[in-house]
Amino acid sequence: MRSISLSLLGLTKQDHAILAVAIKLIDVPGTSLTILPEGVLSGEVILINNDTDAGADYLKKKNPDQTKIFLSEKFMPTPQGSRLLERPVRIHDLVNAFNISCEQFKSSTKKNIKVGSHANISTSPVNTNNTPLLLHEFITACQKNGLIKLECPPYSPLYINGISRSVATRASLPEIHIIAREKDTLPQISPLSAVEEYEQASSNGVNIYPINTIIWHTAMVGANGKILPEHSHDTPVKLKSMPRFPREYMRKHPEYLKMSALLTRKSMTVNQLQQATQLDIKIITDFYNLVYALGLSAIDEKANTAEIYGNNKSKKSGLLSRLAKKLSTTG
Amino acid sequence: MHIGEHKIVFTGPVGAGKTAAITCLSDAPVIGTDVAATDETLNKKDLTTVAMDYGYIELEDGEFIHLYGTPGQDRFNFMWDILCQGGMGLILLVDATSPDPAADCEFYLGAFDSFIQETGAVIGITRADISDNTRYEEVQDVIIEKGYPIPVLEIDARNEDDVKDLVYALMAVL
Ligand SMILES: Nc1nc2c(ncn2[C@@H]2O[C@H](COP(=O)(O)OP(=O)(O)O)[C@@H](O)[C@H]2O)c(=O)[nH]1
Ligand SMILES: [Mg+2]
């Protein structure tokens, strides 16, 4: 039985009543929906009351792995992969939406959503893809000036050179994405004995990438909320200065700039960044993994990890979002 | 110029691309406004005029973001404080082909220090398209471990998308 996790956001009493019936009528053999505790928004499927502020805000969240079902008073365009049910919500329509989602997740690997006693949004799936592990190997190679061979058949091995900060491989960047995305096969990691061995492996027309390029590509696959090995969502880090993000990423991830700005001023943990930005914990974790792997952030043991951050939207934030809107519509 | 209006201040050495950058963003042709100013370095009673670039962005609700470029001549530096009052943030442009863009950064960051601490700043290294070497690292060295974030971007001040990226980066640190 594949149990698919369902988060709820801002549902009314009436919505809950419809949900209670609909969930029993799902008709996809071998699947069931499990409702996550209130406040846990990391379910594979999320049912959102769009007529609340939090619900409407959620529309802007980009987490392609999650299927969103919006309940809304008015018709509105929704992002790809999400569904809109106009009010009054019919049980039949909700069942249909659930059936489609269940079909979709039926064949995919189960993600264990671990829910601690103090259920909160920092809860992260246990099983994830290879991204954190790969990043960890890149970091280790660089820190130890080491040489590592990383095999993930059927793809060409990656030869990581921490001395020259480069990666030699016949694998293409899209193939490296696949290796990172892979959930069920762990790459085999072995140390290379000598520089000669690396050089031999990296001769004959293989691609040699700067390690930072590979780190970017690996981190951008996303780690589904999973942080690097030996790190936690309560590890405080600080940036020395604003990173030099490639421009295309700056446009794609304006939130990376925002988080970099916060971490340049102050050491913060992933959980504190979440409080301060209200972004999805997965986005923050991916950012954390990226900047740490790139060597841009450093752990700050002295930081106060207990400090609580409010989402202090300043008076000017309205002005700034209007300016951003204007800039994106002209030219 | 009114104190308290929404404005972004552009500064940097002559030729760094302030006029070009403001032109990219402004909804109306950029004008060099003559601002009456008392030049305290000369004589308090002496009125002089200072040519500043001025443009604006009109938001959908009719609100304006005013764009001011600081006058180039050093003897009008006393204007900077007044110009910055109530400003949203600073865009510092330095020319990659100039002898020492890092020193220019140091000078302007120092001159606008309190304004930057209150608001925020971004640095655009211009003319990167015609510079032999990237000046990014030198500029980055000036701002490292300052304790506040200043994004640095290499841009062409005549390119609208580039200048917009500067503004986005500025907004992220405000
Ligand atoms: N090639 C190149 N020319 C630029 C760039 N930015 C500005 N310019 C040119 O440099 C000259 C000086 O720019 P201007 O905007 O007047 O500088 P200002 O003195 O700071 O206002 C103008 O001819 C601009 O067209 C750039 O990034 N690349
Ligand atoms: Mg000019």
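The values are calculated or read from the model by the stated rules, or taken from the named source; none is laboratory data. Because the structure is predicted, anything quoted here is derived from the model rather than measured. Cβ coordinates were reconstructed from backbone atoms using ideal geometry, including for glycine residues, and neighbour counts include every protein chain displayed. To get the accessible areas, we keep the full protein, side chains included, count just its heavy atoms, and leave off ligands, DNA and RNA. Shrake-Rupley method; radii C 1.70, N 1.55, O 1.52, S 1.80 Å.
Placing B:Glu63, A:Glu301, B:Glu137, A:Glu196 in order of accessible area, with the largest value first and a 1.4 Å probe, yields A:Glu301, A:Glu196, B:Glu137, B:Glu63. At an R0 of 41 angstrom, the distance between the Cβ atoms of A:Gln278 and A:Ile163 translates into a FRET efficiency of 0.50.
Could you give the length gained on full extension between A:Ile35 and A:Arg265, defined as 0.36 nm per residue of separation minus the Cα-Cα distance, in nm?
Result for the pair: 78.9 nm of gain on full extension.
Residue separation of A:Glu103 and A:Arg2 scaled by 0.36 nm, minus their Cα-Cα distance, works out to 35.3 nm of gained length. Applying the Karplus relation 6.51 cos²θ - 1.76 cosθ + 1.60 with θ = phi - 60° to the stretch A:141-153 yields 3J(HN,Hα) values of 4, 5, 5, 9, 6, x, 10, 9, 10, 10, 10, 9, x Hz, where x marks Gly and Pro.
Per residue of A:320-328, other chain Cβ atoms within 10 Å of the residue Cβ number 6 on average. Pairing chain A with chain B buries about 2800 Å² of accessible area. This figure sums both sides and uses a 1.4 Å probe. Interface residues of the stretch A:259-283, defined as a loss of at least 20 Å² in heavy-atom accessible area between the chain alone and the complex of all protein chains with a 1.4 Å probe, are A:Ala261, A:Thr264, A:Arg265.
Normalised by 2.2 N^0.38 Å, where N counts its residues, the alpha-carbon radius of gyration of the stretch A:225-331 equals 1.11. Identify which of A:Ser172, A:Ser317, A:Ser260 has the largest mean-square fluctuation in a Gaussian network model of chain A, with springs joining Cα atoms closer than 10 Å. Among A:Ser172, A:Ser317, A:Ser260, the largest mean-square fluctuation in the Gaussian network model of chain A belongs to A:Ser317. The ellipsoid that matches the Cα gyration tensor of the protein assembly as shown has semi-axes, each √(5λ) in whole angstrom, of 45, 33, 19, with the longest given first. In a reduced charge model with +1 at each Lys and Arg Cβ and -1 at each Asp and Glu Cβ, the protein assembly as shown shows a dipole moment near 1780 debye about its Cα centre.
Label zone (A:Arg90, point 7 Å along Cα-to-C-beta; backbone nitrogen cut-off 17 Å) within the stretch A:25-62: A:25-26.
Compare A:Asn289, A:Asn271, A:Asn96 in a GNM of chain A, Cα atoms joined below 10 Å, and give the one with the largest fluctuation. Most flexible of the set in this elastic network: A:Asn96. In the stretch A:212-247, the residues that give up 20 Å² or more of accessible area when the other protein chains are added, compared with the chain on its own (1.4 Å probe), are A:Lys240, A:Ser241, A:Met242, A:Arg244, A:Arg247. Only Lys, Arg, Asp and Glu carry charge here, each on its Cβ (+1 for the first two, -1 for the last two); on that basis the stretch A:2-106 has a dipole of about 120 debye about its Cα centre. Can you give me the % of accessible surface on the stretch A:131-221 that is carbon or sulfur? Probe 1.4 Å, all protein chains present, nothing else counted. Ligands and nucleic acids excluded, carbon and sulfur reach 52 percent.
Separation of the stretch A:263-297 and the stretch A:163-192, taken as the distance between their Cα centroids, equals 24 angstrom. For chain A, the solvent-accessible area of protein heavy atoms averages 49 Å² per residue (probe radius 1.4 Å; ligands and nucleic acids excluded).
Counting only protein heavy atoms and a probe of 1.4 Å, the accessible surface of the stretch A:225-331 is 51% carbon and sulfur.
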